[in-house]
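What follows is one structure encoded as structure tokens, with my remarks underneath.
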């Protein structure tokens with residue numbers, strides 16, 4: 001039986017502001033431009049089969065041009081929540097888009113929620129279905145190896161029987177995203193053991209650099225040992241290097257060279 005799923009993503013396109021001034025811009029400038037949406041959509045359309053595709057816009061001054069696809073929906077939030085390191089309110093714009101997407105999947109009554117970051121590229125027809133077939137714990141994130149975080153959020157999957165519990169656990173964390181990163185929050189929400197632990201142990205020290213690095217390392221070891229989620233059965237997210245010969249992979253923050261290497265092997269969708 002074929003599994004049903006929706007793919008959701010966030011959207012922001014515009015100049016830096018006081019709400020995202022601390023955002024570090026990696027990869028090609030192309031991935032932050034309006035036109036990159038067509039590349040993102042093509043990789044979704046070519047390699048996956050979602051019931052719906054929801055784009056959650058953080059009150060961006062520039063919107064993507066949506067192709068005439070009945071699966072596509074655009075949801076506009078009331079404000080730009082900002083980057084996780086410098087945001088307004090309790091949740092950053094990124095986490096708000098995740099919560100909205102999870103609720104949308106729940107309302108659609110599909111089998112899975114799948115998140116694909118707006119600058120991430122999928123490669124390999126059936127890449128999502130392959131991950132679903134390897135899912136045992138109901139939730140999957142990218143492996144955090146090669147990054148400062150315990151998990152990667154470029155592609156995330158949550159099965160429908162975990163969605164409500166995941167939303168409750170995620171939004172129940174009292175710390176703001178600037179105090180506990182979204183990646184750590186997602187790992188916490190997917191790991192039941194963390195609900196019995198004091199929240200402050202997951203807060204990174206903000207003033208002492210060496211203490212912050214040590215804390216991040218301990219957090220990675222903790223979740224690697226006691227995690228309540230699966231890792232995606234392929235790389236790479238923000239990790240490098242990328243093996244472009246693999247049948248399935250995904251990556252974020254692509255450079256011009258990486259984008260060319262990934263896209264040059266693609267023929268037009270539907271050909």
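Tell me yes or no: at least one residue of the range 182-189 is surrounded by fewer than 18 Cβ atoms within 10 Å (Cβ to Cβ), within 26 Å of residue 5 (Cβ to Cβ) and at pLDDT 95 or above. Checked against the condition, which is being surrounded by fewer than 18 Cβ atoms within 10 Å (Cβ to Cβ), within 26 Å of residue 5 (Cβ to Cβ) and at pLDDT 95 or above, the range 182-189 yields no hits at all. Kindly evaluate residue 219 against the criterion of being in contact (Cβ under 8 Å) with a residue 40 or more places away in the chain, buried (at least 22 other Cβ atoms within 10 Å of the Cβ) and touching a strand residue (DSSP E or B) at 6+ places or on another chain (Cβ under 7 Å). Against the criterion (in contact (Cβ under 8 Å) with a residue 40 or more places away in the chain, buried (at least 22 other Cβ atoms within 10 Å of the Cβ) and touching a strand residue (DSSP E or B) at 6+ places or on another chain (Cβ under 7 Å)), residue 219 does not qualify. Kindly indicate whether any position in the range 72-79 is part of a helix (DSSP H, G or I) and either over 22 Å from residue 163 (Cβ atoms) or more than 17 Å from the chain's Cα centre (by Cα) (or both). No: zero hits. Just one of the listed residues (45, 3) is at pLDDT 95 or above, more than 17 Å from residue 252 (Cα to Cα), surrounded by 14 or more Cβ atoms within 10 Å (Cβ to Cβ) and over 19 Å from the mean Cα position of the chain (by Cα), namely 3. Applying the condition of being exposed (fewer than 13 other Cβ atoms within 10 Å of the Cβ) and under 25 Å from the mean Cα position of the chain (by Cα) to the range 195-210 and asking which residue is farthest from residue 177 (Cα to Cα) yields 195.
Could you go through the range 99-113 and let me know if any residue there is surrounded by 22 or more Cβ atoms within 10 Å (Cβ to Cβ), under 18 Å from the mean Cα position of the chain (by Cα) and under 21 Å from residue 253 (Cα atoms). No, the range 99-113 has no match at all.
Contact annotation: no residue pair with Cβ atoms under 6 Å, 6 or more positions apart or on different chains, pairs a residue in the range 113-133 that is over 18 Å from residue 238 (Cα atoms) with a partner that is modelled with pLDDT under 95 and assigned to a loop (DSSP other than H, G, I, E, B). Could you please let me know if residue 87 is more than 22 Å from residue 114 (Cα to Cα), surrounded by 15 or more Cβ atoms within 10 Å (Cβ to Cβ) and touching a residue at least 12 places away in the same chain (Cβ under 8 Å)? For residue 87, the condition - more than 22 Å from residue 114 (Cα to Cα), surrounded by 15 or more Cβ atoms within 10 Å (Cβ to Cβ) and touching a residue at least 12 places away in the same chain (Cβ under 8 Å) - is met. In the range 133-156, the qualifying residues are those that are over 16 Å from the mean Cα position of the chain (by Cα) and surrounded by fewer than 17 Cβ atoms within 10 Å (Cβ to Cβ), and the one that is modelled with the lowest pLDDT is 146. Looking at the range 214-221, can you tell me whether even one residue there is within 22 Å of the chain's Cα centre (by Cα) and under 18 Å from residue 139 (Cα atoms)? So far as the range 214-221 goes, yes, one or more of its residues are within 22 Å of the chain's Cα centre (by Cα) and under 18 Å from residue 139 (Cα atoms). Here residue 176 meets the list (1) more than 30 Å from residue 263 (Cα to Cα); (2) crowded, with 21+ Cβ neighbours inside 10 Å almost entirely, failing just condition (2). Inspect all residues belonging to the range 15-31 and state whether any of them is part of a loop (DSSP other than H, G, I, E, B), touching a helix residue (DSSP H, G or I) at 6+ places or on another chain (Cβ under 9 Å) and closer than 26 Å to residue 128 by Cα. Yes, some residue in the range 15-31 is part of a loop (DSSP other than H, G, I, E, B), touching a helix residue (DSSP H, G or I) at 6+ places or on another chain (Cβ under 9 Å) and closer than 26 Å to residue 128 by Cα. Kindly check whether there is at least one residue in the range 157-172 that is surrounded by 12 or more Cβ atoms within 10 Å (Cβ to Cβ), in contact (Cβ under 8 Å) with a residue 12 or more places away in the chain and under 15 Å from residue 142 (Cα atoms). Yes, that holds for at least one residue. Close Cβ contacts (under 9 Å, 6 or more residues apart or on different chains) running from residues in the range 227-241 that are on the phi < 0 side of the Ramachandran plot and surrounded by fewer than 17 Cβ atoms within 10 Å (Cβ to Cβ) to residues that are assigned to a loop (DSSP other than H, G, I, E, B) and at pLDDT below 95 comprise 240/146.
The values are calculated or read from the model by the stated rules, or taken from the named source; none is laboratory data. The structure presented is a predicted model; accordingly, all values stated were derived computationally and were not measured. Reconstructed Cβ throughout: ideal geometry from the backbone, glycine too, with neighbour counts over all protein chains shown.
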